[in-house]
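The values are calculated or read from the model by the stated rules, or taken from the named source; none is laboratory data. Computed from a prediction, not measured in an experiment: that's the story for all the values here. Note: ideal-geometry Cβ built from the backbone for every residue, glycine included; neighbour counts use all protein chains shown. Accessible surface is based on the protein model in full, side chains and every heavy atom, while ligands, DNA and RNA are left aside. Shrake-Rupley method; radii C 1.70, N 1.55, O 1.52, S 1.80 Å.
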Amino acid sequence: MTDSQNIEWHYSKVTKEQRRDLNNHKSAIVWFTGLSGSGKSTISVELEKELHHLGVRTYRLDGDNIRHGLNKDLGFGPDGRKENIRRIGEVSKLMVEAGLIVLTAFISPYREDRNEVRKMMEHGEFIEVFVNASIKTCEARDPKGLYQKVRAGKMKGFTGVDAPYEAPVNPEIILNTDVESIEESVQKLMFYLKKKGYLIND
Ligand SMILES: Nc1ncnc2c1ncn2[C@@H]1O[C@H](COP(=O)(O)OS(=O)(=O)O)[C@@H](OP(=O)(O)O)[C@H]1O
Ligand SMILES: Nc1ncnc2c1ncn2[C@@H]1O[C@H](COP(=O)(O)OP(=O)(O)O)[C@@H](O)[C@H]1O
């Protein structure tokens, strides 16, 4: 561990607000959370495409990708998942400082870990999106064949089967992907971002 007592903060001469002015929109984290197969990746990809078309500067962080690089040393036990979310929170915060709308797609099963990220951010900078789909739906979709592996006893500690998922209590947005289409979910998100003024900087 580094001794943080011997480290001083260095301030930039360009602020987050000035970067936002340059981009002409606000910056924030759109934090997708939900079971494997609920639709986090799919919907965040489509949302990013739509935002990009509007000239919004974005970046997407996805569990599957980040666990190949930055977080490849982490497992799926409670400690590994906690550290995964802590690091993603820190990286996302930097990106928000840089003026981006960050889209994160992680199961992030623990309420406390998500709330820790919320606490790191300023008011309105953390938009929690509960991608709500039943385990039955997720298992029927099984886009990576993981549920099949779990049921065959080849994987242990899988979220929603034999590891917990704690649903958000008061998320900014709920997407019921059991019944809503991908397009409907994207439109819901776009409506929220526009209504709350994220896509302009005033
Ligand atoms: N044990 C276990 N439980 C759940 N998921 C597992 C597990 N092992 C591997 N995978 C695959 O890893 C993806 C989830 O990674 P995350 O970084 O999003 O997980 S977490 O937020 O740390 O819980 C998850 O991807 P998604 O399906 O996109 O959610 C799975 O493909
Ligand atoms: N309404 C919907 N919303 C999101 N995904 C859906 C929907 N209906 C079907 N799907 C499909 O379900 C799968 C969701 O997988 P994925 O986006 O990888 O989920 P996650 O990232 O949450 O694990 C994709 O194959 C997607 O095409």
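Computed from label points 7 Å out along Cα-Cβ, the spacing between Lys16 and His123 is 1.4 nm. For the range 111-202, carbon and sulfur atoms together expose 52% of the accessible surface, with a 1.4 angstrom probe and every protein chain in place.
Computed packing ranks the peptides 89-99, 146-156 as 89-99, 146-156, most packed first, by mean other Cβ atoms within 10 Å. What whole number of Å gives the distance from the Cα centroid of the range 1-42 to the Cα centroid of the range 54-124? The range 54-124 and the range 1-42 have Cα centres separated by 9 Å. Taking a ≥ b ≥ c as the square roots of the eigenvalues of the Cα gyration tensor, the chain is oblate, since a/c reaches 1.5 or more and a/b is not larger than b/c. For the chain, the share of DSSP beta bridges that are antiparallel, to the nearest 5, is 0%. On a per residue basis, the chain carries 58 Å² of accessible surface, using protein heavy atoms and a 1.4 Å probe.
When shorter helices are ignored and each DSSP H run of at least 4 residues is given -39500 (n - 2.57), the per-residue value for the chain at 222 nm works out to -12000 deg cm²/dmol.
For Leu54 and Glu166, a Förster radius of 45 Å and the Cβ-Cβ distance give a FRET efficiency of 0.85, rounded to the nearest 0.05.
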